[in-house]
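J.: Structure in structure tokens, see below.
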Amino acid sequence: SGINAEYGNTTQTTIEQYFSQFGHVREIIMKFNENGRSKGFCFVIFSDKSTMESVVKQAEHIIDDRSVQVRAAVDAPGGNHATRKIFCGGLPHGLSEAELSAYFSQYGEIESFEFVYEKETQVRKHFCFIVFVGTDAPEKITEGKLPPGSVIHHIGKYRVECKKKFEDNHPLQKKVKYHSNQKKVEARQEMWEHEVPPPPPVRAPPVRAPPRRPGYAPYPAYESYTDPYAAEADPYYSGGYSAGGYSAPTSYPPPRPSYHTPSYSSYPAYQDPYETEYTPAPKAGGPIKQRGGGRGGAYRPY
């Protein structure tokens, strides 16, 4: 329902207190201008349609000593809250369609069930939709609450959450989708905040060359080492050669005596075998022919 009145100081609490005497008030939508002042009207949403009808039938309503005009707001935002479909969440696999039908049939005639399955495994997901023949059963099951408001129902040992389901283009359903997406984003951010960051990558330690060993100190004895073969210590060193080179000898030693020199003839017992021609002794059987006579007549004893 919507009320239209020129009120300036009337608050939302005052309006809720007045209309609560007729029945349960689900929500009050106040309207304000750009300056934050009230536009002089608001929308009052009741949980029960019969309550709204009784309020509209009453001729006069007085709020803060002022007369208020009340009429049914057909085109009010979210004014059409009637639906034949409900959403059942937290649905366990152990709860069959027959058990669901037996429980929800007590609220009204069921037209159909809509189950959703996994694409790969064809396993039923943990929610479903139930379509009723009329709109009264969803109102009773959800106790007139609008989404995201819900009511918990206990079916045997299982706990199922139920709330109204509108068409996708319905304003309330858009609001529900928006809040659902916001919850997913908040849950994802919370998970990232509490998620333990991965450890930093392990890097291999740098390869370093082994430390150099300290060098050996020079021996003290080598500091005063002297070469025993140095010039001043060489007993065979005669001062080297002069810069002028080798000088020519002034005299030469006498030549060695030759075997053919007459000096050997001074020995009386010595006779030169080459002074007389060698004549071999004749052999029996005739004279010996000299070899090589035809080739110059030289004698060759061998």
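The values are calculated or read from the model by the stated rules, or taken from the named source; none is laboratory data. As the structure is a computational prediction, the values presented were derived from the model and not from experiment. Please note: Cβ atoms are built from the backbone with ideal geometry, for glycine as well, and neighbour counts cover all protein chains shown. When the accessible area is computed, the model is the full protein with side chains, heavy atoms only, and any ligands, DNA or RNA have been set aside. Shrake-Rupley method; radii C 1.70, N 1.55, O 1.52, S 1.80 Å.
J.: Say the cut-off is 25 Å between C-alpha atoms; which of K125/K183; K145/K184; K164/K184; K125/K165; K39/K183 go over it?
T.: Going by Cα-Cα distance, K39/K183 fall outside the 25 Å limit.
J.: For a quick check of your reading of the filter: which GluC sites (Glu not before Pro) in region 17-67 sit in a DSSP loop and have no more than 16 other Cβ atoms within 10 Å?
T.: E34, E60
J.: Roughly to the nearest percent, how much of the accessible area of region 116-171 is carbon and sulfur, given a 1.4 Å probe?
T.: Whole-percent figure for carbon plus sulfur exposure: 50.
J.: Label-point separation (nm) for K140 and T14, each offset 7 Å from Cα along Cα-to-Cβ?
T.: 4.0
J.: Over region 148-211, give the accessible area per residue in Å² for a 1.4 Å probe, as an integer.
T.: Heavy-atom SASA per residue in region 148-211 reads 88 Å².
J.: Less than 17 Å from a label point 7 Å out along the Cα-to-Cβ axis of H93: which backbone N atoms in region 111-153 qualify, by residue?
T.: Answer for this model: 115-128.
J.: Cα-Cα over 25 Å: which of K85/K175; K49/K85; K57/K174?
T.: Correct reply: K57/K174.
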